[in-house]
């Protein structure tokens, strides 16, 4: 695997474009997925990479269907963005640019259309609704954290202040 430090100094970083969904129920719970990577556990919004033949909406609808079994939802605006530089385990990418969209829906039990074997192959191991209080009570460690790391703060701001006019850079 080539790391960014090993790449030719003139070569641009290979950044994968991705979409994420803030799936929010009427009780203000947000649905997050647990990723298990070799060295860290990350709780983040469902979603993933945009395939070459897809636009943003198509990619988000595909990801919601595969990971949550969610179809026929209204996709709200893009409210957050983040670019993080981290070499992918596959060696194909040097980082990812995530765009987060709001999905307001009734509470539901996620029923992925991908098998758990397929989801695990993408490092996804759990789907869980989080209340605002649970987000705030979570104590991150160097090995287990949210992505973006400020997720509870950003989510609280969304609930209190509403959707931003333009997407907010969430940082890492």
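The set of residues in the range 141-157 being in a loop (DSSP other than H, G, I, E, B) and over 17 Å from residue 34 (Cβ atoms) consists of 150 alone. Out of all the residues in the range 112-128, is one or more modelled with pLDDT of 95 or more and under 30 Å from residue 11 (Cα atoms)? No, there is no match, as no residue in the range 112-128 is modelled with pLDDT of 95 or more and under 30 Å from residue 11 (Cα atoms). Would it be correct to say that residue 160 is surrounded by fewer than 19 Cβ atoms within 10 Å (Cβ to Cβ) and not in a helix (DSSP H, G or I)? Answer is no for this residue. Looking at 104, 66, just one residue is in contact (Cβ under 8 Å) with a residue 40 or more places away in the chain and within 15 Å of the chain's Cα centre (by Cα), and that residue is 66.
When restricted to residues that are on the phi < 0 side of the Ramachandran plot and either surrounded by 14 or more Cβ atoms within 10 Å (Cβ to Cβ) or in a loop (DSSP other than H, G, I, E, B) (or both), the range 113-125 contains 6.
Taken over the range 126-172, residues that are at positive phi and in contact with a strand residue (DSSP E or B) (Cβ under 7 Å, 6 or more places away or on another chain) amount to 1. So for the range 148-156 (the condition being over 16 Å from residue 69 (Cα atoms) and either exposed (fewer than 13 other Cβ atoms within 10 Å of the Cβ) or over 15 Å from the mean Cα position of the chain (by Cα) (or both)), does at least one residue qualify? Yes, the range 148-156 contains at least one residue that is over 16 Å from residue 69 (Cα atoms) and either exposed (fewer than 13 other Cβ atoms within 10 Å of the Cβ) or over 15 Å from the mean Cα position of the chain (by Cα) (or both). When the range 142-172 is filtered for residues that are touching a helix residue (DSSP H, G or I) at 6+ places or on another chain (Cβ under 7 Å) and free of Cβ contacts under 8 Å to residues at least 60 places away in the same chain, the ones remaining, listed by number, are 152, 156. Anything in the range 127-141 that is without any contact (Cβ under 8 Å) to a residue 24 or more places away in the chain and either exposed (fewer than 12 other Cβ atoms within 10 Å of the Cβ) or closer than 18 Å to residue 103 by Cβ (or both)? List them, or say none. Listed by number, the residues that qualify are 133, 137, 139, 141. Considering the range 37-69, and only residues there that are in a strand (DSSP E or B) and at pLDDT 95 or above, the residue that is surrounded by the most Cβ atoms within 10 Å (Cβ to Cβ) turns out to be 47.
The values are calculated or read from the model by the stated rules, or taken from the named source; none is laboratory data. Here the structure is a predicted model, which means the values were calculated and not measured. Note: ideal-geometry Cβ built from the backbone for every residue, glycine included; neighbour counts use all protein chains shown.
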